[in-house]
1. Calculated from the structure, Cα extents along the principal axes in Å equals which of [x] 61, 41, 34; [y] 55, 44, 36; [z] 65, 44, 39?
2. Length gain on complete extension for the stretch LEU180 to LEU134, per 0.36 nm per residue less the alpha carbon to alpha carbon distance?
3. Assuming R0 = 22 Å, can you tell me the calculated FRET efficiency for the pair MET194 and ASP62, based on Cβ-Cβ distance, to the nearest 0.05?
4. Just subtract the alpha-carbon distance of LYS52 and ALA252 from 0.36 nm times their residue separation and send over the number in nm, one decimal.
5. Please work out whether the stretch 37-89 counts as rounded, prolate or oblate from its C-alpha gyration tensor, where a ≥ b ≥ c are the square roots of the eigenvalues and a/c under 1.5 means rounded, while otherwise a/b larger than b/c means prolate and anything else oblate?
6. Can you order the peptides 180-187, 39-46 by their average number of other Cβ atoms within 10 Å per residue, highest first?
7. Given a 1.4 angstrom probe, what's the average accessible area per residue across the chain, in square angstrom?
8. In the chain, what percentage of the DSSP-assigned beta bridges are antiparallel, given to the nearest 5?
Amino acid sequence: MTFQQTIGAQIDITGVGVHSGQSVRLSLLPAETDTGVVFHLSDKSGLLHEIKALSSNVVPTDLSTVLGDPAGPHVATVEHLMAALYAMGIDNVVVRIDGRETPIMDGCSAAFVDAIAEAGVVAQSAKRRYIRVLKPVRVELNGAFAEYVPAGTTRFEVEIDFPSSAIGRQRFAGDLTEGLFRNEIASARTFGFMKDVERLWASGHALGSSLANSVVIGDDDGIINSDGLRFTDEFVRHKTLDAVGDQALAGARVIGCYRSYRGGHKLNAIALQTLLADRRAFEFVELPARNRASSRHAPVVAAAAPAFGPQTI
């Protein structure tokens, strides 16, 4: 796709923040060319704060991706929404939100993807700019690593290695397309360990987490969720989903391969910031023009998170 795109209609979504436990209302609104993804937040006085979804606004964290000032206006856990927008080819959108955390839905990007597909996608008049990786850029952190290397596609190669027998060592690799994301990545859920619950609660995290939005691994290394896993390697697929969402903060679509081993949000952010800090490592390009397909318009789309079960983590 050569031209920028936005959504065909307003999308309204309700849910709960996985860490805050607070109810959240979120609306996606079509935006003009070169807007990018912009979050609009209102504080208690009604003052509007605008936060651009860019790597330069990321606050390093292991548990989620946070944009803005943690002590002031900010929005947390943006990665699942950003992954859906990136994979679905949405360049310009305003995200209006009445909380400080995007809703977790059922722990993945599927609800966002479905809502975007129902609203439709509109091609715009301005050309899309891409970031093309020109040379390898690698970062390491506590035995983990991440790197960008030149490639002719937007590619992800993600590997994880957990001491838990429920996870172990898993790898997922593929060129990012809308079809690959929708079929192989979008429905992979976030996950956690029951042994970490009390520590997370004590630190004010995972207050909205439950079996309805997380895969939970018990003390016996078994999967607690009654419905089991959606994929045998759902864990690495979710880590790939997170990597897609974190790369979406580049400010332009990346042509290159992103590889990570034992990565997470902090390492994803450091790798992207390192790439963008080296002007010899990338260049901005426009792809050759192609005919734009007609786009569908739709009325306002509404989505809501599933009801929570009695067990929480």
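The values are calculated or read from the model by the stated rules, or taken from the named source; none is laboratory data. Predicted model, so just to flag it, every value in this text is computed and none were measured. Neighbour counts are summed over all protein chains in view; Cβ atoms, including those assigned to glycine, are modelled from backbone coordinates with ideal geometry. Heads up: the accessible areas ignore ligands, DNA and RNA and are worked out on the full protein's heavy atoms, side chains in. Shrake-Rupley method; radii C 1.70, N 1.55, O 1.52, S 1.80 Å.
1. [y]
2. 14.1 nm
3. Details: r = 18 Å, r/R0 = 0.83.
So, using R0 = 22 Å, E works out to roughly 0.75.
4. 70.7 nm
5. oblate
6. Result, highest mean Cβ count within 10 Å first: 180-187, 39-46.
7. 44 Å²
8. Looking only at bridges with both residues in the chain, the antiparallel portion is about 65 percent.
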